[in-house]
Amino acid sequence: MPNPTIPDELICRLRHAERVAVLTGAGISAESGVPTFRDAVTGLWAHYRPEDLATPEAYARDPQLVWNWYQWRRGLVAQAQPNAGHMALAQLEARFPAWTLITQNVDNLHRRAGSRHVVALHGDIARTLCSVEGIEVADWPADGPVPPRCPHCGAGLRPGVVWFGEDLPHAAIDTAFRAAETCDVFLCVGTSTLVYPAAELPFVAHRHRACVVEINPDETPLSPVADYRLAGPAGVVLPALVEALAMADAVTGQA
Ligand code: OAD
């Protein structure tokens with residue numbers, strides 16, 4: 001795929017930006033081999049309904065199905081490596097005085113790529129919690145019941161992710177909305193902007209007069225209001241953004 005051209009005025013906006021906020025979704029991990037949710041054929045929801053797998057009711061109804069589905073996803077994530085898109089965001093972090101990387105993803109690939117401050121809105125698939133006490137459980141007998149039981153109270157264990165209908169971590173959501181309200185530039189990468197409250201963030205940034213940039217091969221509900229739409233895979237567009245900034249720095253002799 002040819003390197004996408006990044007508009008000069010966007011480079012200029014970024015070079016003068018002090019505060020940058022980024023929201024990522026499953027699309028940024030697609031090039032690492034982690035399935036997205038809503039892509040028509042490859043998406044996880046192509047074969048299951050969210051209501052059947054990612055809700056407290058689904059877990060209460062069939063804890064073994066839900067546990068096994070997350071074990072399968074954990075296996076995919078464990079084999080995945082951060083891609084050039086994750087690496088590019090990790091590189092950009094050091095450039096801005098105020099950088100807030102907000103992710104809906106639970107695959108921890110941003111941290112593994114070197115991003116130091118990650119606001120994980122939907123939790124971390126690698127964490128396991130007691131479904132009743134909410135405490136973290138680090139290990140369990142491999143040959144025990146499925147799902148495994150909490151060693152303290154005997155309740156079933158669950159993944160440390162946010163399910164539909166559950167509250168997002170309050171501190172994370174407060175940080176995310178404050179960043180969206182105060183940023184100069186908001187990058188929205190690899191998300192269908194369909195699941196709230198995360199999907200509200202780029203619209204909050206837009207209402208607060210930030211420059212909103214959408215990076216996604218497909219159009220989304222955000223596309224009509226984005227100031228820039230960089231149509232392409234994150235693993236190509238984000239490195240091109242880093243390269244364009246570096247070239248502009250070289251021409252002017254300063255970062
Ligand atoms: P989706 O699967 O809804 O959307 C993925 C988006 O990434 C789509 O708009 C794709 O066009 C785009 N995409 C695909 N490949 C891409 C690539 N290489 N580079 C950039 N974009 C690409 O996933 P999310 O928007 O993350 O929540 O879904 C939001 C939430 O819905 C998830 O966090 C999860 C899900 O249910 C919970 O489970 C609570």
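Calculate for the chain the 222 nm mean residue ellipticity that helices alone would give, adding -39,500 (n - 2.57) per DSSP H run of length 4 or more and normalising by residue count, nearest 500 deg cm²/dmol.
-10500 deg cm²/dmol
Between TRP72 and ALA155, how high is the FRET efficiency from 1/(1 + (r/R0)^6) when r is the Cβ-Cβ distance and R₀ = 22 Å? Nearest 0.05.
Efficiency for this residue pair is about 0.50.
For the residue pair VAL146 and ASP52, what label-to-label distance in nm results when each label sits 7 Å from Cα along the Cα-to-beta-carbon direction?
For the pair VAL146/ASP52, the computed spacing is 1.7 nm.
For an R0 of 30 angstrom, estimate the FRET efficiency from the Cβ-Cβ distance between GLU166 and THR252 and round to the nearest 0.05.
On the way: r = 48 Å, r/R0 = 1.59.
With R0 = 30 Å, the Cβ-Cβ based efficiency is 0.05.
With the chain treated as a Gaussian network of Cα nodes joined by springs under 10 Å, which of ALA199, ALA98, ALA138 yields the largest mean-square fluctuation?
With Cα springs under 10 Å in the chain, the top fluctuation among ALA199, ALA98, ALA138 is at ALA138.
Order the peptides 202-209, 10-17 from the highest to the lowest mean number of other Cβ atoms within 10 Å of their residues.
Numbers: 202-209: 18.1, 10-17: 15.8.
Packing order, densest peptide first, comes out as 202-209, 10-17.
Every read-out reported here was derived from the displayed coordinates using simple, explicitly stated rules and does not represent laboratory data. Just so we're clear, the structure is a prediction, and the values are computed from it rather than from any experiment. Glycine gets a Cβ as well: all are built from the backbone with ideal geometry, and neighbour counts include every protein chain shown.
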